[in-house]
Amino acid sequence: MTVLDTEVLVIGSGAGGATTAARLAEAGRSVLVVEEGAWVPAEATVPFSLEEMVAKYRHRGGAAALGSPAVAYAEGSCVGGSTEINSGLWHRLPDHLAEDWRRTYAIDEFTAPTLERYAEEMEATIGVSSLPGPPPVSSAILADGATKLGWESTEFPRVFRYAPDGSGVKQTMTRTMLPRATAAGAVVQPRCRIKRLTFAGGRVTGARAVLTHDDGATETVQLRADHVFVCGGAIQSPALLQRSGIRRGIGNGLKLHPTIKVAARFPFPVDHDDVPMHRIIEFAPYLTIGGSASRRGQVALALAESGAPYQEALADWESVAVYYAAIRSEGSGRVIAVPGFEAPIVTYRLTPGDLSRLARGLIHLGEALLAAGATELYPSVIDGGVVHDVQGLGQWWDAVTPARANLMTVHLTSSIRIGENAELAGADSFGRIRNVANLRVNDASLLPEGPGVNPQAAIMTVAARNADHFLATS
Ligand SMILES: Cc1cc2nc3c(=O)[nH]c(=O)nc-3n(C[C@H](O)[C@H](O)[C@H](O)COP(=O)(O)OP(=O)(O)OC[C@H]3O[C@@H](n4cnc5c(N)ncnc54)[C@H](O)[C@@H]3O)c2cc1C
């Protein structure tokens, strides 16, 4: 069996893993990053296309948290993780949440000034900016609808660098942190799935992995490391720890931002290459309204989710775009690794309050889209009713039921929470797993609750902070 030695093993190369690897390698540590997915150059696939789903998504995009209703979710699985497929919208963790989490979970060194310092550094490092010119039509629709209703909206900055001609390039991990890590000597090994961690004498000694070669042949590899960072994301990290026999505080408390959609038809063409940068924040942080990827495939899916005849709208898909209302949920879920199966079972229990907030969100979304000139609204609710005017929106109140609502999410967090409150948190204030001194988690799993905003900024901020703590103490 092949045996590889490293000082620090980083499992997963997404927002958390790439940030960890760059920071440790630049501080002179020997780092090996292993990533289950392939290395697909960022420019090899068209953003939000079917090819991208095939090449870069886990299970090609199809997964669901079981519940009533189930919530479909998506994760990246490629070098760079979900940052390669996301929309790049950037929102710092709100100060009031950081303070709330610090108190509730007893998190050391989690003050607003500390987090702000790291957030600023991340922004300067990867490049966060606003559009250099006017927004595309699909984005302006949200701003326009909000203005007409007297609601607050804003353009979110993104992890983009823009050229003078206005064209932008998303600053994914394969374009930012991973090149920094490799320039400082880190090695990135794609197509290497960690099956389980290995232990001796109360310490983690490394991991057992399966490496897939270019010809499809697989090989079992033993990795030996002085320190291990698990950064597989909020679903895969707890599943790996459970497979490795670590269960206390691992996998419960999963949070997600459930999202309900509307496919909106306009009497004018709408752009489809990018996602809207505007958000309606009138009802934030518990309810946010925004726009989704709207290529033909996504439009078809969103139209079909209403259960209404959609052929005519689909034929006119260039005038249709998909929008959503996302909530900060009171419910929570679990990740459960099942012996003998590769994928864990994921469950999520929405509360009646969550469903009621989703119904309210759907109606506010409809109001904004109608105000912006939409003529037909198809909700992601089976037989929810196609709406043409404000009077029609009332029927959606009773339609958002467990049996009829089609929900999805791309924000998954909180399955291994940080803090000194061991009753609530599976890791300590800096992501260390209790009773295994040299094992840390450093990804979305650590955020103690759903942030109510796009999570990448908070994940990278916390990951950089935790990496510095490691450097200072190990
Ligand atoms: C479609 C989509 C759109 C999004 N849009 C936004 C947005 O606009 N703004 C925002 O802030 N957030 C957005 N997000 C969420 C954001 O991208 C994630 O929250 C963030 O990337 C999570 O970081 P992470 O390090 O926890 O996990 P990931 O970035 O998901 O990285 C985890 C990596 O670990 C690998 N891995 C897992 N298990 C193993 C194993 N056993 N062995 C080896 N490798 C393993 C995975 O293959 C994956 O590549 C979006 C997500 C998606 C899917």
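The values are calculated or read from the model by the stated rules, or taken from the named source; none is laboratory data. Keep in mind it's a predicted model, so treat the numbers as computed, not measured. Using ideal geometry, Cβ is built from the backbone for each residue, glycine included, and neighbour counts are taken over all protein chains shown.
Just to verify a result, which residue in segment 216-242, among those that are part of a strand (DSSP E or B) and more than 15 Å from the ligand (Cβ to nearest atom), is nearest to ARG191 (Cα to Cα)? Working first, answer last.
Within segment 216-242, the first condition is being part of a strand (DSSP E or B), and the residues that meet it are 218-230.
If we keep only those that are more than 15 Å from the ligand (Cβ to nearest atom) too, we end up with 224, 226-227.
Values: ARG224: 18, ASP226: 22, HIS227: 21 Å.
So the residue we want is ARG224.
Within segment 116-159, how many residues turn out to be within 30 Å of ARG23 (Cβ to Cβ), in a helix (DSSP H, G or I) and not β-branched (Val, Ile, Thr)?
Total meeting the criteria: 9.
Can GLY67 be described as surrounded by 14 or more Cβ atoms within 10 Å (Cβ to Cβ), small (Gly, Ala, Ser) and closer than 24 Å to VAL230 by Cβ? Show your work before the answer.
Values: surrounded by 14 or more Cβ atoms within 10 Å (Cβ to Cβ): yes; small (Gly, Ala, Ser): yes; closer than 24 Å to VAL230 by Cβ: no.
So GLY67 fails the test.
Listed residues VAL228, VAL270, VAL188, VAL262; which is more than 20 Å from the chain's Cα centre (by Cα), at pLDDT 95 or above and under 19 Å from ARG434 (Cβ atoms)? Break it down into steps so the answer makes sense when it comes.
Numbers: VAL270 fails: under 19 Å from ARG434 (Cβ atoms); VAL188 fails: under 19 Å from ARG434 (Cβ atoms); VAL262 fails: under 19 Å from ARG434 (Cβ atoms).
Of VAL228, VAL270, VAL188, VAL262, the one residue that is more than 20 Å from the chain's Cα centre (by Cα), at pLDDT 95 or above and under 19 Å from ARG434 (Cβ atoms) is VAL228.
Residue-wise test of (1) on the phi < 0 side of the Ramachandran plot; (2) out of contact with any Gly (no Cβ under 9 Å at 6 or more places or on another chain).
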{"position": "TYR348", "(1), (2)": "yes, no"}
{"position": "ALA374", "(1), (2)": "yes, no"}
{"position": "LEU377", "(1), (2)": "yes, no"}
{"position": "ASP383", "(1), (2)": "no, no"}
{"position": "ASP398", "(1), (2)": "yes, yes"}
{"position": "ALA405", "(1), (2)": "yes, no"}
{"position": "SER429", "(1), (2)": "yes, no"}
{"position": "ARG434", "(1), (2)": "yes, no"}
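Considering (1) touching a Pro at 6+ places or on another chain (Cβ under 8 Å); (2) assigned to a helix (DSSP H, G or I); (3) under 30 Å from ALA371 (Cβ atoms); (4) not hydrophobic (A, V, I, L, M, F, W, C), say which one THR104 fails and leave the rest.
So THR104 meets the others, but not (3).
Cβ-Cβ distance below 6 Å, separation of 6 or more or different chains: which pairs start in segment 16-34 with a residue that is free of Cβ contacts under 8 Å to residues at least 40 places away in the same chain and within 19 Å of PRO190 (Cβ to Cβ) and end on one that is of a type in the set (Asp, Glu) and surrounded by fewer than 23 Cβ atoms within 10 Å (Cβ to Cβ)?
Listed by first residue and then by second, the contacts come to nothing, as the list is empty.
Which one of these is within 16 Å of the ligand (Cβ to nearest atom) and within 20 Å of the chain's Cα centre (by Cα): GLY297, GLY245, GLY291? Working first, answer last.
Working: GLY297 fails: within 20 Å of the chain's Cα centre (by Cα); GLY245 fails: within 20 Å of the chain's Cα centre (by Cα).
Sole residue among the options that is within 16 Å of the ligand (Cβ to nearest atom) and within 20 Å of the chain's Cα centre (by Cα): GLY291.
Which residue, of ALA457, ALA374, ALA359, is assigned to a helix (DSSP H, G or I) and crowded, with 23+ Cβ neighbours inside 10 Å? Quick ask: steps written out before the conclusion?
Values: ALA374 fails: assigned to a helix (DSSP H, G or I); ALA359 fails: crowded, with 23+ Cβ neighbours inside 10 Å.
Exactly one of ALA457, ALA374, ALA359 is assigned to a helix (DSSP H, G or I) and crowded, with 23+ Cβ neighbours inside 10 Å, namely ALA457.
Out of segment 34-77, which residues are of a type outside the set (Ser, Thr, Tyr), within 12 Å of the ligand (Cβ to nearest atom) and part of a loop (DSSP other than H, G, I, E, B)?
GLU35, GLU36, GLY37, TRP39, VAL40, PRO47, PHE48, ALA63, ALA74, GLU75 - these are the residues of segment 34-77 that are of a type outside the set (Ser, Thr, Tyr), within 12 Å of the ligand (Cβ to nearest atom) and part of a loop (DSSP other than H, G, I, E, B).
Which count do you get for residues in segment 73-101 that are at positive phi and surrounded by fewer than 22 Cβ atoms within 10 Å (Cβ to Cβ)?
Residues meeting the conditions: 0.
With ALA119, ALA42, ALA65, ALA106 as the choices, which residue is within 19 Å of the chain's Cα centre (by Cα) and more than 30 Å from VAL210 (Cα to Cα)? Quick ask: steps written out before the conclusion?
On the way: ALA42 fails: more than 30 Å from VAL210 (Cα to Cα); ALA65 fails: more than 30 Å from VAL210 (Cα to Cα); ALA106 fails: within 19 Å of the chain's Cα centre (by Cα).
The match here is ALA119.
If I filter segment 1-33 down to residues being farther than 22 Å from ARG208 by Cβ and not in a loop (DSSP other than H, G, I, E, B), which single residue comes out as nearest to the ligand (Cβ to nearest atom)? Walk me through it before giving the result.
Step one: filter segment 1-33 for residues farther than 22 Å from ARG208 by Cβ, giving 15, 18-19, 22-29.
Going one step further and asking which of them are not in a loop (DSSP other than H, G, I, E, B), we end up with 15, 18-19, 22-26.
Details: ALA15: 3, ALA18: 8, THR19: 8, ALA22: 13, ARG23: 14, LEU24: 15, ALA25: 17, GLU26: 18 Å.
The residue in question is ALA15.
Yes/no matrix, rows are residues, columns are (1) over 28 Å from LEU66 (Cβ atoms); (2) over 25 Å from the mean Cα position of the chain (by Cα):
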residue	(1), (2)
PRO309	yes, yes
ASP316	yes, yes
TYR323	no, no
ILE382	no, yes
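Note down all Cβ pairs under 6 Å where the first residue falls in segment 184-204 and is among the charged types (D, E, K, R), the second is more than 16 Å from the ligand (Cβ to nearest atom) and at pLDDT 95 or above, and they're at least six residues apart or on different chains.
Once the first residue is among the charged types (D, E, K, R) and sits in segment 184-204, its partners that are more than 16 Å from the ligand (Cβ to nearest atom) and at pLDDT 95 or above give ARG203/ASN438.
For residues in segment 155-186 being of a type in the set (S, T, N, Q) and surrounded by fewer than 18 Cβ atoms within 10 Å (Cβ to Cβ), which is farthest from GLU35 (Cα to Cα)? Before you say what the answer is, go through the steps one by one.
Of segment 155-186, the ones of a type in the set (S, T, N, Q) are 167, 171-172, 174, 176, 182.
Going one step further and asking which of them are surrounded by fewer than 18 Cβ atoms within 10 Å (Cβ to Cβ), we end up with 167, 182.
Values: SER167: 30, THR182: 14 Å.
Among those residues, the one meeting the criterion is SER167.
Please go through segment 405-438 and pick out each residue that is within 18 Å of the chain's Cα centre (by Cα) and either in a loop (DSSP other than H, G, I, E, B) or more than 16 Å from the ligand (Cβ to nearest atom) (or both).
VAL410, HIS411, SER414, SER415, ILE416, ARG417
Do you know which residues across segment 284-322 are of a type in the set (D, E, K, R) and either closer than 18 Å to HIS388 by Cα or surrounded by 16 or more Cβ atoms within 10 Å (Cβ to Cβ) (or both)?
Scanning segment 284-322 gives ARG295, GLU305, GLU312, ASP316.
Does ALA472 meet the test of being away from the ligand (no atom under 14 Å from the Cβ) and either outside any loop (DSSP other than H, G, I, E, B) or of a type in the set (Gly, Ala, Ser) (or both)?
Numbers: away from the ligand (no atom under 14 Å from the Cβ): yes; either outside any loop (DSSP other than H, G, I, E, B) or of a type in the set (Gly, Ala, Ser) (or both): yes.
Yes, satisfied.
Would you pick out the residues in segment 187-207 that are part of a loop (DSSP other than H, G, I, E, B) and more than 19 Å from TRP39 (Cα to Cα)? Before the answer, list the steps.
Within segment 187-207, the subset part of a loop (DSSP other than H, G, I, E, B) is 190-191, 201-202.
Passing the criteria: GLY201, GLY202.
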